[in-house]
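Where a number appears in this text, it was derived from the coordinates with a stated rule and is not lab data. As the structure is a computational prediction, the values presented were derived from the model and not from experiment. Cβ placement follows ideal geometry from the backbone for every residue including glycine, while neighbour counts extend to all protein chains displayed.
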Amino acid sequence: MISDTVKQLRKNHGLTQAQVAECLGLERSTYAYYEGGRVPGVEILLRLCSLYKITLEFLITGEENGGKAYLHEGDTSLDHIPHILLSDEEKRLVLLFRLCEDKAAVLEYVRNASVKD
């Protein structure tokens with residue numbers, strides 16, 4: 001069931017419903033409906049796939065059919081990184097970055113912002 005998969009993904013990433021809702025551009029109460037059993041529309045399903053870097057098939061079935069659950073080679077989830085290495089804020093930034101349309105512009109902005117005169 002999609003709601004179980006959505007809830008488990010959120011918990012695996014150490015996120016609250018409010019944090020995921022913010023990443024998706026939703027109200028927390030709307031996101032809570034998805035964990036409660038309401039099936040999200042296609043746009044939200046695709047945003048969830050983008051957020052967690054998973055296939056739509058995995059999101060819908062909760063199974064790694066054909067051995068491919070993630071959109072890229074290897075495990076792109078944060079589960080393998082010890083939580084002590086990333087603060088909650090850093091995890092949130094990673095998830096927000098995954099949703100960006102223009103990643104190159106974001107990276108350039110961060111590079112410029114981090115250079116001290």
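If you add up the charges near GLN19, with Lys and Arg at +1 and Asp and Glu at -1, over every other residue whose beta carbon is less than 12 angstrom from its beta carbon, what do you get? List each step's numbers first, then the result.
On the way: positive: ARG10, LYS11, ARG28, LYS91, ARG92; negative: GLU22, ASP88, GLU89.
Once all neighbours under 12 Å are counted, the net charge is +2.
What is the set of long-range amide H partners of ILE54 at a cut-off below 5 Å, with H atoms built 1.01 Å from backbone N?
LEU71
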